[in-house]
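Q: Next up is a structure, given as structure tokens.
The values are calculated or read from the model by the stated rules, or taken from the named source; none is laboratory data. This is a predicted model, so every value here is computed, not measured. Because the Cβ atoms are built from the backbone with ideal geometry, glycine has one as well, and the counts that use them run over all protein chains shown. These accessible areas exclude ligands, DNA and RNA; they are computed on the full protein's heavy atoms, side chains included. Shrake-Rupley method; radii C 1.70, N 1.55, O 1.52, S 1.80 Å.
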Amino acid sequence: MRRTLVAAAVAAALFAANVAVQRATPSPDQRYAPIASRGGTGHQVDTTTFQLRVDRVQPARTIRMTDPYGLVREPRSTPGIWVVVSATVAATTETFQAQGARLRTRAGLEYEASSVLDTLDKVTLQPGIPVYGPLLFEIPARDLAGAVLSVTRHADGAGGLDVLGPAVEVDLGLSDAYASRLLKEMPSSLTVGQVREL
Amino acid sequence: MTSSERSQGRRGAPKPWAVITAAVFVLATTLALAWPAGGLEEAEVEVPRRRLGEVSAGHRFTIVPAKVSLLAVDPAPAFGDAKPGRFLAVELRVENIGHDTATVRDLAQDLHLTVSPSGATIDRFKDMSAAGVIRDGAHTRDQLHPRLKERVLLVYTVPRPLPDPTHLKITMRDSEYKEGFDSELSRWRPGEDVVIYDLEVGR
């Protein structure tokens with residue numbers, strides 16, 4: 001009887017260990033995800049192929065893009081809010097496009113950079129020449145707090161992953177109180193400047 | 001009887017209690033699996049049918065068909081002036097309920113169109129002339145961001161031999177984010193049919 005109880009206890013323990021190992025094993029999406037370097041706003045974050053610094057984050061109800069001649073275009077609306085992330089990016093070893101720029105919310109939703117032209121994610125960067133410009137996102141206002149910027153080389157491939165490639169993740173520092181203040185002071189229209197080499 | 005003969009006899013004939021336990025186990029397992037799935041009979045998949053203005057949700061999108069019309073001029077020309085022809089314009093209210101940004105083309109891939117009275121299928125790739133988000137008086141944007149509601153315009157050319165369509169049937173196929181046979185990485189893959197819309201074509 002005692003031997004049976006011991007055997008049952010060992011079986012239960014092995015079963016529990018099996019479940020624990022299964023749950024702890026990373027999914028294929030996690031195993032092949034880009035390798036991220038993390039940082040905060042105002043600090044340069046380095047990867048093997050590019051460097052990025054987030055300089056400013058501004059929400060707005062509508063945006064107006066500036067064309068290459070300095071003229072301001074018609075306002076662009078959104079069903080949510082615009083989040084304009086002004087950043088400086090530099091390629092270090094090879095030409096680079098920050099096409100895989102996304103904003104990830106606390107709820108785990110991923111917002112690709114808006115398809116509006118003339119933004120930082122549409123520019124091909126040459127090594128050693130830093131470029132400053134806007135990344136544009138459209139999100140619901142309630143998701144601004146806690147948003148994180150994620151930048152990879154490109155957004156193509158399985159599941160939009162740059163498999164095991166370099167990535168930058170920047171906590172935009174949008175605490176509940178700060179996000180709430182930004183939304184309260186949000187301009188109805190924000191003029192967005194051109195991408196420029198530094 | 002020697003000890004080896006006794007051992008062989010024990011191994012050869014299973015005890016009645018073991019047979020009964022095995023039978024009960026098999027029966028209970030079968031019932032436990034089959035009962036929640038609706039019994040052993042093959043379940044019929046009944047796709048709901050809906051009309052204009054009614055909402056349907058899959059795993060990636062919710063849609064509400066708002067307007068279907070047959071137009072004599074292209075409502076969304078890609079370049080230059082609008083050309084004459086026969087254009088089936090489908091206007092939808094859409095919300096991306098998935099976890100990541102999608103495009104209007106992703107949505108269009110999930111919609112299968114059949115027109116009456118011909119009963120012909122509109123090719124959702126070859127016959128599509130425009131697909132975009134309606135915003136700021138234009139329909140050039142393609143992105144559908146999570147939790148942001150948009151109005152979407154899909155325009156199809158009606159193939160030449162077909163008569164003017166009076167009714168349109170739209171079957172929406174679901175998309176599910178999961179791994180597949182080609183790759184263990186998750187991505188949006190086709191699922192089951194979610195809804196069939198029976199819509200009148202206005203002019």
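Q: Using protein chains only and a probe of 1.4 angstrom, how many square angstrom of B:Ile97 are accessible, to the nearest 10?
A: We get 50 Å² for B:Ile97.
Q: Identify which of A:Val151, A:Val170, A:Val21 has the largest mean-square fluctuation in a Gaussian network model of chain A, with springs joining Cα atoms closer than 10 Å.
A: Residue with maximal mean-square fluctuation among A:Val151, A:Val170, A:Val21: A:Val21.
Q: Moving on to the next point. Take B:Phe125 and A:His43, extend 7 Å from each Cα along the Cα→Cβ direction, and tell me the distance between the two endpoints in nm.
A: Roughly 4.7 nm, to one decimal.
Q: Starting from the Cα of B:Glu46, step 7 Å along the direction of its Cβ; do the same at B:Asp81; then give the gap between the two resulting points in nm.
A: Label-label distance for B:Glu46 and B:Asp81, simple model: 5.4 nm.
Q: Roughly what would the spin-label model give for A:Met186 and B:Asp142, points 7 Å off Cα along C-beta, in nm?
A: 2.7
Q: Calculate how steeply helix B:16-34 sits against the longest principal axis of the alpha-carbon atoms of chain B, using the helix alpha-carbon long axis, and give the answer as 0 to 90 degrees to the nearest 10.
A: Its long axis makes an angle of about 10 degrees.
Q: Between B:Thr29 and B:Glu184, take the C-beta separation as r, use R0 = 30 Å, and let me know the FRET efficiency to the nearest 0.05.
A: Step by step, r from the Cβ atoms, then E = 0.55.
Q: Sticking with this structure for a sec: Given the options A:Tyr69, A:Tyr32, A:Tyr132, which has the most mean-square fluctuation in a GNM of chain A, springs set between C-alpha atoms less than 10 angstrom apart?
A: Largest GNM mean-square fluctuation: A:Tyr69.
Q: Okay, moving on. Any residues in region B:127-149 that have 30 Å² or more less accessible area with all protein chains than in their chain alone, probe 1.4 Å, and which are they?
A: B:Arg135, B:Asp136, B:Arg141, B:Gln143, B:His145, B:Pro146, B:Arg147, B:Leu148
Q: Okay, next question. Counting only the heavy atoms of the protein chains, how much of B:Arg49 is accessible to a 1.4 Å probe, in Å² to the nearest 10?
A: The accessible area of B:Arg49 comes to roughly 140 Å².
Q: Please find the FRET efficiency linking B:Glu176 to A:Gln30, where r is the Cβ-Cβ separation and R0 is fixed at 25 Å, and quote it to the nearest 0.05.
A: The pair B:Glu176/A:Gln30 has a calculated efficiency of 0.85.
Q: Give me, ordered by chain and number, the residues 5 or more places off B:Gly191 or on other chains with an amide H under 5 Å from its own placed amide H.
A: B:Asp174, B:Ser175, B:Glu176
Q: Quick check: Cα centre of region A:60-101 to Cα centre of region B:61-108, how many Å?
A: What the calculation gives is 26 Å, centre to centre.
Q: Using Cα atoms only, what is the angle between the long axis of helix A:2-24 and the major principal axis of chain A, expressed in degrees (0 to 90) to the nearest 10?
A: The angle comes out near 10 degrees.
Q: A follow-up question, please. Normalising by the residue count of chain A, find the relative contact order in percent from Cα pairs under 8 Å and 6+ residues apart.
A: 27
Q: Take every residue in peptide A:41-51, count the Cβ atoms of other chains within 10 Å of its Cβ, and give the average of those counts.
A: Shielding by partners across A:41-51 averages 0.
Q: Follow-up. Please build a GNM for chain A, connecting alpha carbons under 10 Å apart, and tell me which residue among A:Asp67, A:Asp171, A:Asp121 fluctuates the most.
A: Of A:Asp67, A:Asp171, A:Asp121, the Gaussian network model singles out A:Asp67 as fluctuating most.
Q: Right, next: Residues in region A:85-110, backbone N under 13 Å from the label point at A:Asp55 (7 Å along the Cα-to-beta-carbon vector): list them, ranges by number please.
A: Backbone N within reach: A:85-90.
Q: Could you report the buried accessible area between A and B, both sides summed, computed with a 1.4 Å probe and given in Å² to the nearest 100?
A: Approximately 1800 Å² gets buried when A meets B.
Q: Another question about this same structure. Residue-wise, which Karplus ³J(HN,Hα) couplings in Hz belong to region B:154-169, taking 6.51 cos²θ - 1.76 cosθ + 1.60, θ = phi - 60°, and x for glycine or proline?
A: So the J values, rounded to whole Hz, are 10, 10, 10, 7, 7, x, 3, x, 6, x, 4, x, 10, 9, 10, 10.
Q: I need the Kirkwood Rh of the protein assembly as shown: take the reciprocal of the average 1/r across all distinct C-alpha pairs and report it in angstrom.
A: Taking the inverse mean of 1/r over all distinct Cα pairs, the protein assembly as shown comes out at 25.5 Å.
Q: Probe radius 1.4 Å, ligands and nucleic acids ignored: give me the carbon and sulfur share of the accessible area of the protein assembly as shown as a rounded percent.
A: Ligands and nucleic acids excluded, carbon and sulfur reach 55 percent.
Q: Okay, next question. Is it possible to state the helix-based mean residue ellipticity at 222 nm for chain B, with each DSSP H run of 4+ residues giving -39500 (n - 2.57), the sum divided by total residues, to the nearest 500 deg cm²/dmol? What is it?
A: Taken over chain B, the calculation gives -5500 deg cm²/dmol.
Q: Same structure again: Given a Förster distance of 56 Å, report the FRET efficiency between B:Ser118 and A:Tyr69 from their Cβ-Cβ distance, rounded to the nearest 0.05.
A: Once rounded, the FRET efficiency stands at 0.65.
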